[in-house]
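Below is one structure, written out as structure tokens; comments come after it.
Quick note: the coordinates plus some simple rules give every number you see, no bench work behind them. Quick caveat: nothing in here was measured; it's all calculated off a predicted structure. Don't worry about glycine lacking a Cβ; one is built from the backbone with ideal geometry, like all the others, and counts go over all protein chains shown.
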Amino acid sequence: MDIFEKHVFVCTTGKTCPEEGAEAVLSALRKAIFDRGLKDKIRINKSGCFDQCGNGPMIVVYPEAVWYSHVKEADVNEIVESHLLGGKPVERLFYDGRGRIR
């Protein structure tokens, strides 16, 4: 098996991400990747807490180290199409450690 082109981590723990819909975002991401036949190229994983409580659900995409905050299930297809497949991160969801950038 080849190594993954992208690795996506979704915070599903901590004080707030679970209550803010992290599991639904994780499930939608996994389904989107599976439905597109990309399971061997893009890995979606649960993650422990990113220590950014109140900004979730949080996602980090590697190798680019792009952080997303306040991700909703409705944002998943845009993240998949624009960033994971198209190489163009979704700027409106960017997170810089202080809050959304835009």
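Observations on the structure shown:
- Among Tyr62, Tyr95, a tally of other beta-carbon atoms within 10 Å of each Cβ gives an order, fewest to most, of Tyr62, Tyr95.
- Neighbour-count order for Lys88, Lys39, fewest beta carbons within 10 angstrom listed first: Lys88, Lys39
- Across the chain, the relative contact order, built from alpha-carbon pairs under 8 Å that are at least six residues apart, equals 30 percent.
- Between the Cα long axis of helix 22-35 and the first principal axis of the chain there is an angle of about 10°, rounded to the nearest 10.
- When the C-alpha to C-alpha distance is required to be over 20 Å, the pairs from Lys15/Lys41; Lys46/Lys88; Lys41/Lys72; Lys15/Lys88; Lys15/Lys72 that qualify are Lys15/Lys41; Lys46/Lys88; Lys41/Lys72; Lys15/Lys88.
- Panel order for Glu20, Glu73, by other beta carbons found within 10 Å of each beta carbon, from fewest to most: Glu73, Glu20.
- The Cα atoms of the chain define a convex hull whose projected area, averaged across directions, is 5.9 nm².
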